[in-house]
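The values are calculated or read from the model by the stated rules, or taken from the named source; none is laboratory data. Note that the coordinates shown come from a computational prediction; the quantities given were computed from them, not determined experimentally. Note that each Cβ is placed from the backbone with ideal geometry, even for glycine, and that neighbours are counted across all protein chains shown.
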């Protein structure tokens, strides 16, 4: 139990120390006036923040700055007054009633000016260059020479020579001669020649007989 109580006490002291440190470090610091002293004697704030004095003594007190400037009104028991500091610097003050017997200091820090955030310069997006599409070159068309047209020439038809001594003989031969077929040309050629020869001789003989008469 004692160990636990000691731990709790240590934790409470730590929290109290942190609270006092944060109060003394700024953010609207508070100063108590007790036993003819300013507690804490030095406070640090940022420009634009406020310090509040509260009198806990039976005697009246005030806070007056050595180099002039604003000061708190006279504070009776339990009264408070506040001053706001807008300029950075170190300001020493004393009790406006009891003088240098009671001294204190207010340190005002300048507010750091934030560095402006520069927006990054975005490089412009360059559109990719698209290669032009080339149309395929058509292959040259080679003229094809027309194929020569072979015309089959008909075999010349050789007419069998007709030997005639006169118009009457030729007519007699054409009339007397039988029609020849393609199948019997070779077989009857000798017969035709013989008959023709006999007919010619007969005609000649008839002609000689007529002349003699």
Picking from 75, 83, 16, which residue would you name as being at pLDDT below 85 and at negative phi?
-> 16
Looking at (1) more than 30 Å from residue 113 (Cα to Cα); (2) modelled with pLDDT of 95 or more, find the lone condition where residue 44 falls short.
-> (1)
Would you kindly identify the strands (runs of 3 or more DSSP E) lying entirely within region 34-128 that contain at least 2 residues that are out of contact with any helix residue (DSSP H, G or I) (no Cβ under 9 Å at 6 or more places or on another chain)?
-> 37-39, 49-55, 63-65, 80-85, 89-95, 99-109
